[in-house]
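*Asks:* Here you go, one structure.
The values are calculated or read from the model by the stated rules, or taken from the named source; none is laboratory data. All values reported here derive from a predicted model rather than from experimental measurement. Cβ atoms come from the backbone with ideal geometry, glycine included; neighbour counts cover every protein chain shown. Quick note on the areas: whole protein, heavy atoms, side chains included, nothing else; ligands and nucleic acids left out. Shrake-Rupley method; radii C 1.70, N 1.55, O 1.52, S 1.80 Å.
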Amino acid sequence: VIGTLACGMLYLLGATLVDRRTGLVAATVAAVSPVLFGFSVLVLTETAFALSLTASAFVFARWLGFKTEKKGRQEASTESPFGKAASDETATEKRNSVLLAAFGGIVAGVACYVRPSWLLFAPAVCGFAIAREFWQGSLPADHDKPTSRVVRNPKLKRTLVESAVVLVALFVMLLPWAIRNTSATGHFVLTT
């Protein structure tokens, strides 16, 4: 069941990042891969980690604004994950974006419980999101005129807040483990 869910999550990730055909090919390759097929019947953490890894990558891809399209390749756009331009977003869509960021931190925390090596993924995604918004905000308003003034990116502040939400959610998810480690070792250790 976990292996099948991992293949389904891989489909969703591929469809979100590129297109549905890519998601279908990725899920099919994972489903018939001898190594992945063999690991899915054993009681090991590889299959659970594959599921939690792709789930966290999928949630973060949605948070970063990738969206599913029927045809063609796509890149991260300046649109929200909900399809409207960033300036046309409602308060509900902004709240949903914050909730999606929190859910990303939670899912990344679950992946960290399976394999602590996933710990730096969420901070790396947050760094990417902040750098992307900073870069987009530093571009000239009119790309054809190099002398035009630089326009501030209003989404940068929101991205900073959402990144903080990701990191807090990740920390809160890992806090029980850290508390257990503190009681066992006498000093703070976040993971193993």
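*Asks:* What accessible area per residue, rounded to a whole number of Å², is obtained for the range 1-68 using a probe radius of 1.4 Å? Don't skip to the answer; put the middle values down first.
*Replies:* Details: 3540 Å² over 68 residues.
Spelled out: the 1.4 Å probe surface of the range 1-68, per residue, equals 52 Å².
*Asks:* How large is Rg over Rh for the range 8-51, taking Rg from the Cα atoms and Rh as the Kirkwood inverse mean of 1/r across Cα pairs?
*Replies:* On the way: Rg = 11.0 Å, Rh = 10.7 Å.
Across the range 8-51, the Cα-based Rg/Rh ratio is 1.03.
*Asks:* In what sequence, highest mean first, do 40-47, 122-129, 10-17, 185-192 appear when ranked by Cβ atoms within 10 angstrom? Spell out each step's value before the answer.
*Replies:* Values: 40-47: 13.6, 122-129: 18.2, 10-17: 23.0, 185-192: 10.5.
Ranking, from highest mean packing down: 10-17, 122-129, 40-47, 185-192.
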